[in-house]
1. Over all directions, what mean area does the Cα convex hull of the stretch 25-117 project, stated in square nanometres?
2. Pairwise over distinct Cα atoms, reciprocal of the mean inverse distance: report the Kirkwood radius of the stretch 1-58 in Å, one decimal place.
3. Just by accessible area at a 1.4 angstrom probe, what is the order of Glu25, Glu82, Glu100, Glu32 from largest to smallest?
4. Please state the relative contact order of the stretch 1-118 as a whole percent: Cα pairs under 8 Å, 6+ residues apart?
5. Find the relative contact order for the stretch 52-96 and round it to a whole percent, using C-alpha pairs within less than 8 Å whose residues are 6+ positions apart.
Amino acid sequence: MRTEISTAAAFVTRLLRAAGGIDEEQLRCFRECLQEALREHYKHHWFPLAPSKGSGYRCIRINHQMDPLIGKAAGMIGLSHESLFQLLPSELTLWVDPFEVSYRIGEDGSICVLYESPQPGGKTTKPLESRTSCKEEWRIGRASPSKNCNVMTVSS
């Protein structure tokens, strides 16, 4: 759970950093607060033997309403919901599941994988074939990466 939460919090933090206007200390604090909020929220809703169980509960969503966990972490650094709506994509879905973290920007955007690891018991996951192209599209600011793209990032 630690790696998945760290990956999700780092991703949202990178989105805020890319928008600008928030100093590194505030971003560090935001990331740590978001990680703690996610750990607490997922504490009894993490099922490694059935990764899709509880997926809806663990979904982080911005769509005309700010996700309460992101809002809580932002409040700790003095950012209002209005500021967050200006800094983050207006529609963002982030799935944080055992062994996989993925996101979609926009309702019609592609789902991109940020983190994926093998499941216990020898179950293998699909290979990450096009991670470079998706990563590059995100870096150059496409609102929605191309279809069928996967990105794997390692965050600290």
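1. 6.3 nm²
2. After inverting the mean inverse Cα-Cα distance, the result is 12.3 Å.
3. Largest accessible area first, the residues go Glu82, Glu25, Glu32, Glu100.
4. Numbers: 162 pairs, mean separation 32.2, N = 118.
After rounding, I find 27 percent.
5. The normalised contact order for the stretch 52-96 reaches 57 percent.
The values are calculated or read from the model by the stated rules, or taken from the named source; none is laboratory data. The model shown is predicted, which means the values in this text are computed figures rather than measured ones. In case anyone asks, the SASA skips ligands and DNA or RNA and just uses the protein heavy atoms, side chains included. Shrake-Rupley method; radii C 1.70, N 1.55, O 1.52, S 1.80 Å.
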